[in-house]
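Here is the structure we will look at, set down as structure tokens.
Quick note: the coordinates plus some simple rules give every number you see, no bench work behind them. What you see is a predicted model, and the numbers here were worked out from it, not measured in a lab. Glycine also receives a Cβ, built like all others from the backbone with ideal geometry; neighbour counts cover every protein chain displayed.
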Amino acid sequence: MKGMISVISIGPGSNDWIPPAVLHSLEQADILVGYRTYLDLIKDFRPDIPREYSGMRQETERVEQAIRLALSGRHVAVISGGDAGIYGMAGLVIEKVSRSGHDAEIEVTVLPGISALNAAASLLGAPLMNDFAVISLSDYLTPLDTILDRVSAAAQAGFVLCLYNPRSSVRSVPYERTLEILNQFLPPDTPVGIVKDAFRPAQAVSCVRLAELPDQEIRMNCILIVGNAETRILNGRMVTPRGYTEGKAGSWG
Ligand code: SAH
């Protein structure tokens, strides 16, 4: 009997933002595997189903366990926060199944969801209406110099920036160095959206200027959206205009 691993995206927080197709896949699963915080977010959903909890940074063990369970013929749901394909579990599952040599025995499906950037953009207004770059400031798996080079290139190229994993209690250097780079290339009045705990009970949304960023409390439960030269704050909402109001014809809906 062929085993299955569904890599499930549960969105940014509240279960209201889990797509019906993802809920349907959860209905079909025999066992849920995931980081405790994410499994707790869906604790009221199918409380009957077995759950295998794991801690942060135990991603490899989590996937190995999912593979073992799938090889016994079960349908395993690997739970990922936000979108499973954006700094989530999808890549590791595909890599590990492929390296295990069990590709033929395990069917892997990735189900998309709402990432922190979609959630944050909607809460802030419409900051991502034009080209943007997404960078994680975590130097756990990516060298710090690579991260800073990307921040620098993206800021100079005029991208709006979405910054994931901005700062933790033990990791503040990438954030501080990022602020230095942003201040080098962007004016101090550049709008910066800060969204903390999007679509969770502790949600907090604010929009400040780049010069005010050092005074803000930034942690791992935040995503930052740094505007570009076109980004404005209109009625308290952050908007990067696409140019329609200047009379240009648009090509997207
Ligand atoms: N796969 C997830 C990202 C995991 S990396 C996704 O698609 O959203 C973890 C980082 O995502 C956090 O440090 C934070 O920067 C961001 N994040 C995830 N959920 C968030 C939320 N509800 N509110 C604000 N930021 C969030």
Of the listed residues (THR146, THR142), the one being among the hydroxyl-bearing types (Ser, Thr, Tyr) and in a loop (DSSP other than H, G, I, E, B) is THR142
For segment 16-46, which residues satisfy the criterion of being loosely packed, with under 14 Cβ neighbours inside 10 Å and in contact with a helix residue (DSSP H, G or I) (Cβ under 8 Å, 6 or more places away or on another chain)? ASP44
Name the residue, out of GLY73, GLY88, that is within 16 Å of the ligand (Cβ to nearest atom), part of a loop (DSSP other than H, G, I, E, B) and in contact with a Gly (Cβ under 9 Å, 6 or more places away or on another chain). GLY88
Could you list, ordered by first residue, the pairs with Cβ atoms under 8 Å in which the first is in segment 170-190 and touching a residue at least 12 places away in the same chain (Cβ under 8 Å) and the second is surrounded by fewer than 16 Cβ atoms within 10 Å (Cβ to Cβ) and part of a strand (DSSP E or B), at least 6 apart or interchain? PRO188/ARG209; ASP189/ARG209; THR190/ARG209
Please go through segment 105-117 and give me each residue that is within 11 Å of the ligand (Cβ to nearest atom) and crowded, with 23+ Cβ neighbours inside 10 Å, ordered by number. GLY113, SER115, ALA116, LEU117
Extreme residue, surrounded by the most Cβ atoms within 10 Å (Cβ to Cβ), among residues of segment 224-242 that are under 16 Å from PRO187 (Cα atoms) and small (Gly, Ala, Ser): GLY227
Among ARG167, ARG200, ARG150, the single one that is under 18 Å from the mean Cα position of the chain (by Cα), of a type in the set (D, E, K, R) and away from the ligand (no atom under 13 Å from the Cβ) is ARG150
Given the structure, is ALA133 small (Gly, Ala, Ser), within 18 Å of THR231 (Cβ to Cβ) and not in a strand (DSSP E or B)? no
May I ask you to say which residue of ASP48, ASP16, ASP40 is of a type in the set (Asp, Glu) and assigned to a loop (DSSP other than H, G, I, E, B)? ASP48
Evaluate segment 118-129: report whether one residue or more is touching a Gly at 6+ places or on another chain (Cβ under 8 Å), surrounded by fewer than 23 Cβ atoms within 10 Å (Cβ to Cβ) and part of a strand (DSSP E or B). no
